[in-house]
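The values are calculated or read from the model by the stated rules, or taken from the named source; none is laboratory data. Keep in mind it's a predicted model, so treat the numbers as computed, not measured. So basically every Cβ, Gly included, is an ideal-geometry build from the backbone, and we count neighbours across all protein chains shown.
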Amino acid sequence: MRIPSVNELKEKLFRLFPEYPFSYFTEPARKVAAILREKSFKGEIKELKEELLENLLLEVFKKYETPSLKRVINATGVVVHTNLGRSPLAEEAVEAILRVSKWYSNLEYDLMKGKRGSRYVHVEEVLKEITGAEGALVVNNNAAAVLISLNTLAKGKEVIVSRGELVEIGGSFRIPEVMAWAGCILKEVGTTNKTHLHDYERAIGENTALLLKVHKSNYYIEGFTKEVLAKELVSIARKHGLLVMEDLGSGCFVDFSKYRLIKEPTVQEVVKSGVDVVTFSGDKLLGGPQAGIILGKKEIIEEIRRNPLNRALRIDKLTLAGLEATLRLYRCEDWAIQKIPILRMILRSEAELKKEAQRLRRILGRQGLKNISCRLVRTSGKAGGGALPKLELPSYAVALSCEKPAQWIQERLRKREVPIIGRIEEDAFLLDVRCLFPEDYAEIAKAVREVDHELSNP
């Protein structure tokens with residue numbers, strides 16, 4: 001069997017897609033030629049018919065043109081889903097990013113003075129307003145915030161931290177390793193389950209620079225436990241002329257206990273406790289783009305800002321635009337809860353979720369399904385993103401089942417142009433409605449209808 005040359009394949013693609021420049025087809029043509037060689041070698045193709053070649057060209061070019069990073073539908077019930085992009089942004093944040101990306105901006109230009117300015121001013125004042133902090137700095141993620149803060153305040157010196165707070169989060173981010181890269185000397189105190197105030201006091205020495213508290217945002221210890229509060233650390237730090245830093249991890253501005261959920265320390269409460277520095281994520285429970293936020297005493301924040309590492313870790317203009325727009329919504333908590341998707345999803349009532357699940361089941365019921373059964377189930381979700389590990393979020397889902405294993409439905413829905421990601425329970429594929437957007441329902445209905453048709457026409 002003769003395999004067409006790359007140039008011949010490019011010409012065929014050019015005839016199929018004349019709106020593209022001829023040179024655009026080089027790589028797709030090479031991929032098609034490689035597939036044909038492999039199939040010919042294996043004896044899978046004896047004769048290259050024109051219809052087969054055209055179908056292969058269309059298939060390869062469609063895959064070549066499909067972006068790797070794409071929208072997915074989150075039907076898992078996990079709100080801040082790390083693997084699915086964490087926090088979807090509020091409309092205000094999306095619009096702000098679009099404005100700044102489409103045109104020039106005053107990223108580092110002081111419009112009042114007519115000369116170079118600082119990129120950090122765009123979020124500094126609103127952060128100070130919301131949290132009560134004296135100073136604010138933003139870098140590209142919370143790991144960077146922890147790294148640059150420790151490097152600035154305790155390089156070559158001891159940092160005292162409880163053994164029960166030497167956490168590891170996703171991606172093997174470990175506090176001891178970050179401290180090592182920051183040039184600090186780790187000094188562990190207490191035990192895994194119990195650390196007392198006197199443990200810190202006994203560990204303080206001539207080379208101690210900092211007392212570090214790390215919030216256990218992605219796990220919890222129950223039973224015979226004891227931990228020292230930030231305000232208690234501040235009291236002994238002041239006696240010894242030391243600094244106190246708290247890594248909140250997934251920081252939030254809303255007290256969830258007001259809404260009958262588990263209590264999570266807010267950023268405002270930590271700032272009020274008197275710590276010198278607090279770091280947390282801009283996405284996750286805050287609901288903005290990925291960023292690392294550093295708050296604290298004005299002179300300390302200025303010192304961190306001057307660290308040469310800041311240049312390598314600095315935040316870009318698109319993140320700044322999205323973060324500023326998100327932060328401005330927190331000027332009114334009711335506004336934030338209505339407009340920031342993460343907060344709205346976490347605080348959705350069980351009654352509302354039941355109605356949404358019933359609506360989804362009715363929509364699927366109108367698709368004329370012959371092979372897939374749909375039933376309403378009560379279930380529970382998670383906040384996710386390494387936050388609120390003890391919080392169970394009661395929810396409702398539509399459970400899909402058929403003669404094939406649930407994994408079969410899961411795979412079919414996952415491999416669509418708009419992938420639908422759910423979870424399997426008791427051999428049924430669940431579509432939890434907590435994290436669904438209004439636009440998702442039609443896409444789900446279309447997908448389930450097509451999967452059902454595939455079962456009728458294997």
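The table for this structure:
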| read-out | value |
| --- | --- |
| Failed condition for Ala397, given (1) assigned to a helix (DSSP H, G or I); (2) touching a residue at least 12 places away in the same chain (Cβ under 8 Å); (3) not assigned by TED's automatic domain parsing to the domain that holds Val254 | (1) |
| Odd one out for Asp255, checked against (1) free of Cβ contacts under 8 Å to residues at least 40 places away in the same chain; (2) more than 24 Å from the chain's Cα centre (by Cα) | (2) |
| Restricting region 49-71 to residues that are of a type in the set (A, V, I, L, M) and crowded, with 16+ Cβ neighbours inside 10 Å, the residue that is nearest to Leu286 (Cα to Cα) | Val60 |
| Residue list for region 319-362, restricted to those being within 17 Å of Leu286 (Cβ to Cβ) and touching a Ser or Thr at 6+ places or on another chain (Cβ under 6 Å) | Ile342 |
| Lone unmet requirement of (1) touching a residue at least 12 places away in the same chain (Cβ under 8 Å); (2) assigned to a helix (DSSP H, G or I) for Leu211 | (2) |
| Lys382 vs. criteria more than 22 Å from Val448 (Cβ to Cβ), within 21 Å of the chain's Cα centre (by Cα), crowded, with 17+ Cβ neighbours inside 10 Å and touching a residue at least 60 places away in the same chain (Cβ under 8 Å) | yes |
| Any hit, region 144-164, residues being touching a Gly at 6+ places or on another chain (Cβ under 7 Å), assigned by TED's automatic domain parsing to the domain that holds Lys239, assigned to a strand (DSSP E or B) and buried (at least 23 other Cβ atoms within 10 Å of the Cβ) | yes |
| Output for region 259-297, where each listed residue is of a type in the set (Asp, Glu) and within 21 Å of the chain's Cα centre (by Cα) | Glu264, Asp283 |
| Scan of region 228-251 for residues that are out of contact with any Gly (no Cβ under 9 Å at 6 or more places or on another chain) and not hydrophobic (A, V, I, L, M, F, W, C), ordered by number | Glu232, Lys239, His240, Gly241, Glu246, Asp247 |
| Some residue of region 94-117 being in contact (Cβ under 8 Å) with a residue 60 or more places away in the chain, among the aliphatic types (A, V, I, L, M), part of a helix (DSSP H, G or I) and in contact with a strand residue (DSSP E or B) (Cβ under 6 Å, 6 or more places away or on another chain) | no |
| Residue list for region 416-455, filter: within 22 Å of Arg348 (Cβ to Cβ), of a type in the set (A, V, I, L, M) and not in a strand (DSSP E or B) | Val433, Leu436, Ala442, Ile444, Ala445 |
| Filtered residues of region 226-257 (kept if assigned to a strand (DSSP E or B) and under 27 Å from Leu327 (Cβ atoms)) | Leu243, Val244, Met245, Glu246, Asp247, Leu248, Gly249 |
| Val121 vs. criteria over 24 Å from the mean Cα position of the chain (by Cα), buried (at least 23 other Cβ atoms within 10 Å of the Cβ) and over 26 Å from Val80 (Cα atoms) | no |
| Residue satisfying condition, being of a type in the set (S, T, N, Q), surrounded by fewer than 20 Cβ atoms within 10 Å (Cβ to Cβ), closer than 23 Å to Val80 by Cβ and outside the structural domain of Val214 (by TED's automatic domain parsing), within set Gln410, Gln358 | Gln410 |
| The lone exception for Glu324 - which of (1) under 18 Å from the mean Cα position of the chain (by Cα); (2) crowded, with 24+ Cβ neighbours inside 10 Å; (3) among the charged types (D, E, K, R) it fails | (2) |
| Selection count, region 371-397, where residues are modelled with pLDDT of 90 or more and aliphatic (A, V, I, L, M) | 5 |
| Members of region 413-452 that are closer than 18 Å to Arg375 by Cα, surrounded by fewer than 16 Cβ atoms within 10 Å (Cβ to Cβ) and acidic (Asp, Glu) | Glu425, Glu426, Asp427 |
| Pick from region 258-315, criterion basic (Lys, Arg) and surrounded by 15 or more Cβ atoms within 10 Å (Cβ to Cβ), ranking: nearest to Gly85 (Cα to Cα) | Lys284 |
